[in-house]
Amino acid sequence: MYDTLEEINEEVKNCRKCKLCNNRKNTVFGTGNPKCKIMFIGEGPGADEDSTGIPFVGKAGKLMNQAFLSLGIERNDVYIANIVKCRPPNNRNPEKDEAKSCMDYLRNQVLVIKPKIIVLLGNVALKNILGEEYGITKSRGKWIEKKGILYMPTFHPAALLRNEGLKIDFWNDLKLVLEEAKK
Ligand code: URA
Ligand code: SF4
């Protein structure tokens, strides 16, 4: 059991548990408020995140920031992390063994943060955390409670860049999250 996120991050920085360590510039551990109620989980770092070590700073991140701004969510009030902490080559999805190797770090982040709500951004986050039987199209917008945590699956912001029509669902899902967080 870890007391702080920093202790976990020290391990991540030096981690060589999977092949994604070979091409990374930086590990991308996660950022935000360690005492938050709402945690967001994405897939893995892209090029901009790999360069900076900060999650969701590229195009998808900018779209997420817009949603946050319009809904009154401060990035510093929530916590944002990913399934894998190192960038998959050419932004491919993390492979099963990579996600599995990295999962203990995320599990420990959740144990330290103890969020009320976890927003799962897209299929990679959803399937790795709740199980392969789930799919984002069916599950998005519906609460799933597991071991005292409320999960809200929604679209990955990168999906909204490809399909503008999904934005309204994403916005509505985040509204549900905000309402629940205030209870
Ligand atoms: N996409 C993700 O899933 N995570 C990031 O940090 C950036 C883009
Ligand atoms: Fe370690 Fe995770 Fe990076 Fe793989 S992706 S090397 S498990 S930190």
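The values are calculated or read from the model by the stated rules, or taken from the named source; none is laboratory data. Since we're looking at a predicted model, the values are computed, not measured. Neighbour counts are summed over all protein chains in view; Cβ atoms, including those assigned to glycine, are modelled from backbone coordinates with ideal geometry. Note: areas computed on protein heavy atoms with side chains; ligands, DNA, RNA excluded. Shrake-Rupley method; radii C 1.70, N 1.55, O 1.52, S 1.80 Å.
Quick notes on this one:
- Given charges at Cβ of Lys, Arg, Asp, Glu: region 5-181 dipole, positive-most of Pro88, Gly30, Leu160: Pro88
- For region 106-132 versus region 1-24, the gap between their alpha-carbon centres in whole angstrom: 17
- Relative contact order %, the chain, counting alpha carbon pairs below 8 Å whose residues are six or more apart: 24
- Long hydrophobic helices in the chain: none of the complete DSSP H runs spans 30 Å or more by Cα along its own axis with mean Kyte-Doolittle hydropathy of at least 1.6.
- Overall, region 5-181 carries a charge dipole of about 220 debye about its Cα centre when +1 sits on the Cβ of Lys and Arg and -1 on the Cβ of Asp and Glu, all other atoms neutral.
- Value of [θ]222 nm, deg cm²/dmol, for the chain, DSSP H segments ≥ 4, -39500 (n - 2.57) each, nearest 500: -13000 deg cm²/dmol
- In straight-distance terms, cross-link reach from Lys19 covers every one of the lysines whose alpha-carbon lies under 28 Å from its own, apart from those fewer than eight places away in the same chain; here that gives Lys59, Lys85, Lys96, Lys100, Lys127.
- The trypsin sites (Lys or Arg not before Pro) of region 76-123 meeting both criteria, a DSSP state outside H, G, I, E and B (loop) and at most 12 other C-beta atoms within 10 angstrom of the site's C-beta, are Arg92.
- Neighbours of Asp77, meaning other residues whose beta-carbon lies under 14 angstrom from its beta-carbon, give a summed charge of +4 when Lys and Arg score +1 and Asp and Glu score -1.
- Computed with the Debye formula from one identical point scatterer per Cα of region 5-181, without solvent, the log10 of I(q)/I(0) at q = 0.10, 0.13 Å⁻¹ comes to -0.33, -0.58.
- Calculated accessible area for region 5-181 comes out at 49 Å² per residue, all protein chains present (probe 1.4 Å; ligands, DNA, RNA ignored).
- Computing FRET efficiency as 1/(1 + (r/R0)^6) for Thr137 and Asp3, where r is the C-beta to C-beta distance and R0 is 45 Å, gives about 0.70.
- Inter-label distance, nm, simple model (7 Å from Cα along the C-beta direction), Gln66/Glu10: 4.2
- Surface composition of region 5-181: carbon and sulfur make up 49 percent of the accessible area, probe 1.4 Å.
- Residues whose amide H lies under 5 Å from that of Val119, counting only those 5 or more places away or on a different chain, are Met39, Phe40, Ile41, Met152; hydrogens are built 1.01 Å from N in the peptide plane.
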